[in-house]
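A quick write-up on the structure given underneath.
The values are calculated or read from the model by the stated rules, or taken from the named source; none is laboratory data. Since the model is a prediction, treat every value here as computed from it, not as a measurement. Positions of Cβ are generated from backbone atoms using ideal geometry, with glycine treated the same way; all protein chains shown enter the neighbour counts.
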Amino acid sequence: MNAPRAVVVAAPSAWQRATRSGGLAIGLALALAMVLVALAAPWLAPYDPNAQDVLLKLEPPSAAHPFGTDDFGRDVLSRVIYGSRISLFVGAIATLAGVLAGTLIGVVSGYFGGLVDRTITALTDVLLSFPQLIMGLILVAVLGASLTNLILAIAITAVPAFVRVARASTLAMKERDFVDACRSLGFGDPRIMFMHVLPNIVDEVVVMGSLWFAAAIRTESTLAFIGLGVPPPTATWGGIIRDGFDNLLDAPWLSIFPSIGLLAIMIALNLIGDGLRDATDPRTPQ
Amino acid sequence: MSVATARSEARADDAAESPALVVEGLTTSIRIERHWFDAVRDVSFDVHRRETLALVGESGCGKSLTALSVMGLLPAGVGRVTRGRIVVDGVEMTGASDAQVQAMRGDRIGMVFQEPMTSLNPVLPVGYQIAESLVEHRGMGNREARLRALELMELVRIPAAAERLDAYPHQFSGGMRQRVMIAIALACAPKVLIADEPTTALDVTIQAQVLALLADLQRREGLAVLLITHNLGVVASVADRVMVMYGGDVVETAPVDEFFRRPTHPYSEALLAAMPRVDRSSDSLAPIPGQVPGLPELPSGCRFQSRCALRVARCAERPPLAALADAPTHGVRCWVRAPETP
């Protein structure tokens, strides 16, 4: 018997689909630049972000202080650079923790079904009925404002959304023939869940994760703005905007520069999210 | 010595050893709403090494449920084996713990599915998928399992196997995917292979290639194959014995030549008459009148009586599967066609 020749079919790759619009590249470049700035903060910042100089308070932008100075004479540029560390760090760790926990719970819930699934779904529905910010606020108020508690609170707000996405995808996936094939090979539930179902739903989780990363940064800034963020004098974007808010009419640069930073990271993460969604969805129009 | 006699002698040797798969009095019930119905009734058969038993019947006759029962893969709460015993490679499957049955699956008994397009995990490379059961059942290291996966891909004649070890299922055609499925099923060198309509989803030329591959692997690996199909052409080309099921009952069982020479049960006869043939001049096929009744509506007694032209009063009583007087290996479940039974 002659074995037929193999034909490799070349479909447009995920990378081609993702880069077609250019949004993903812009988003990635922007996000990468911000991450580099955050990492290199000690070398990039011209001043100590907490060094006060009362003689130079509320100075408008100048060559010495490109973003001006605040109420205590602290350099706003240095504070914005250092503030990006908090925003990115809190956002990243909280999103990561929320995504991991939520996805894990969602896969188990969807895969096993039954009473476990009903219980988890009911709890998820209760948690989802709180707006993200309100829940974050309640949690920080209960736990107390600190870096760890902030991360924990924001992570918890992300969990139910990821439980829901992972569960729905798992429900669809476990009916697929390859799951039956896995059973016929004598694979146990953990192997099927984590080696076979999970890799198939990871794209949806990652797309949503990038959008939730933006939401987590927004929540962190909002909590800082209302005074429930990382306690002062640590520079955070929300905190700087808040400080500037008192002098908004006299010294608008105080609030404007951290707001621009916040806006930039939001746009970058949303571009990445859209690009990833296009990459994972073959039906994206060409 | 001719090849044919060598092969038949090899068969005789295999027949002397105990069968790789024994099913005795298997009864499988499935639940429809609140009631349990016997979807497979008192089915017995055995398959020796190097032998292919074809399980034939139309949709809903119980042939796939028989396979799932043997695999221990009946959906919990919906299907269960109520009576009978299943022995795979000398190991009792009925009454064994879930963990024991799970350890047998994929190791000593493999299965090939109907749909090669959807039975592979789309996001994992095929080499990984072939190697996986070696890691799971044999505790093989990744590198060793990968080498074995390459051998298996060559065994099922996938061209340029080394370059395609890391390819994904969507890069393969249907026939190539079915070869991958066969390689996966054979990874741990099982004694028994259940092939559930393995060529139904493939086009005809590819069907022939895959069947030839299966037959070749069966000889080389000494597999016992339980082939589930509704395609009598496939049966004629690869099976050694045939078992026809209707409504959960085995209605006829015979060696393949005997079956095609002398189909005896009215249902087998009707099945063959309904098949298009090039060696027959008639223009029209003879469809079997009516439909298979749903499980709750199946008549007690002979399951086929409602569609049978030869029906007699005694058909209300369930006929036994009785051997024909002149052919001890040819069993028929019919009062009319196997009347000499007590």
Residue within region B:204-220 that is aliphatic (A, V, I, L, M) and not in a helix (DSSP H, G or I) present: no
Answer residue from region B:114-134, given it is surrounded by fewer than 18 Cβ atoms within 10 Å (Cβ to Cβ) and hydrophobic (A, V, I, L, M, F, W, C) and is nearest to the other protein chains (Cβ to nearest Cβ) among those: B:Val123
Residue, farthest from B:Val47 (Cα to Cα), within region B:185-200, restricted to residues that are surrounded by fewer than 24 Cβ atoms within 10 Å (Cβ to Cβ) and either modelled with pLDDT of 85 or more or within 11 Å of chain A (Cβ to nearest Cβ) (or both): B:Cys188
Residue count, region B:134-174 (criterion: part of a helix (DSSP H, G or I) and free of Cβ contacts under 8 Å to residues at least 40 places away in the same chain): 20
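Every residue, every condition in (1) in contact with a Gly (Cβ under 8 Å, 6 or more places away or on another chain); (2) among the polar types (S, T, N, Q), yes or no:
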residue	(1), (2)
B:Leu232	no, no
B:Ala239	no, no
B:Val242	no, no
B:Met245	yes, no
B:Ala254	yes, no
B:Glu258	no, no
B:Ser268	no, yes
B:Leu272	no, no
Pairs, first outside any helix (DSSP H, G or I) in region A:70-87, second of a type in the set (Ser, Thr, Tyr), C-beta under 8 Å, six or more apart: A:Arg74/A:Tyr47; A:Asp75/A:Tyr47; A:Asp75/A:Thr69
Qualifying position, being on the phi > 0 side of the Ramachandran plot, buried (at least 17 other Cβ atoms within 10 Å of the Cβ) and over 13 Å from the mean Cα position of the chain (by Cα), among B:Gly248, B:Gly222: B:Gly248
Members of region A:164-181 found to be crowded, with 19+ Cβ neighbours inside 10 Å, in contact (Cβ under 8 Å) with a residue 12 or more places away in the chain and not charged (D, E, K, R), listed by number: A:Val165, A:Ala166, A:Ser169, A:Thr170, A:Met173, A:Phe178, A:Val179
Where A:Leu58 falls short, out of the listed (1) at pLDDT 75 or above; (2) surrounded by fewer than 22 Cβ atoms within 10 Å (Cβ to Cβ): (1)
Pick from region B:301-321, criterion closer than 23 Å to B:Trp36 by Cα and more than 26 Å from the chain's Cα centre (by Cα), ranking: surrounded by the most Cβ atoms within 10 Å (Cβ to Cβ): B:Ser306
Looking only at region B:212-266, and only at residues there that are in contact with a Pro (Cβ under 8 Å, 6 or more places away or on another chain) and over 26 Å from B:Ala286 (Cα atoms), the one that is nearest to the other protein chains (Cβ to nearest Cβ): B:Leu214
Selected residue (only one of B:Val91, B:Val78 is within 25 Å of the chain's Cα centre (by Cα), more than 10 Å from chain A (Cβ to nearest Cβ) and farther than 21 Å from B:Glu221 by Cβ): B:Val78
Top-ranked residue in region A:128-146 [being part of a helix (DSSP H, G or I) and touching a residue at least 24 places away in the same chain (Cβ under 8 Å); ranked as surrounded by the fewest Cβ atoms within 10 Å (Cβ to Cβ)]: A:Ala141
Failed criterion for B:Ser64 (all others in (1) in a helix (DSSP H, G or I); (2) more than 14 Å from chain A (Cβ to nearest Cβ) hold): (2)
Failed item in (1) over 18 Å from the mean Cα position of the chain (by Cα); (2) touching a residue at least 60 places away in the same chain (Cβ under 8 Å); (3) over 27 Å from A:Asn200 (Cα atoms), with B:Ser97 passing the rest: (2)
Unmet requirement for B:Arg49, which otherwise passes all of (1) crowded, with 23+ Cβ neighbours inside 10 Å; (2) assigned to a helix (DSSP H, G or I): (2)
Helices (runs of 4 or more DSSP H) lying entirely in region A:147-241 (those with 2 or more residues that are more than 14 Å from chain B (Cβ to nearest Cβ)): A:147-173, A:198-225
Filter result (more than 20 Å from B:His230 (Cβ to Cβ) and basic (Lys, Arg)) within region B:17-76: B:Arg31, B:Arg34, B:Arg49, B:Arg50
Condition broken by B:Ile182, with the remaining ones in (1) within 11 Å of chain A (Cβ to nearest Cβ); (2) in contact (Cβ under 8 Å) with a residue 60 or more places away in the chain; (3) part of a helix (DSSP H, G or I) satisfied: (1)
Selection count, region B:135-169, where residues are within 12 Å of chain A (Cβ to nearest Cβ), more than 19 Å from B:Val112 (Cα to Cα) and crowded, with 17+ Cβ neighbours inside 10 Å: 4
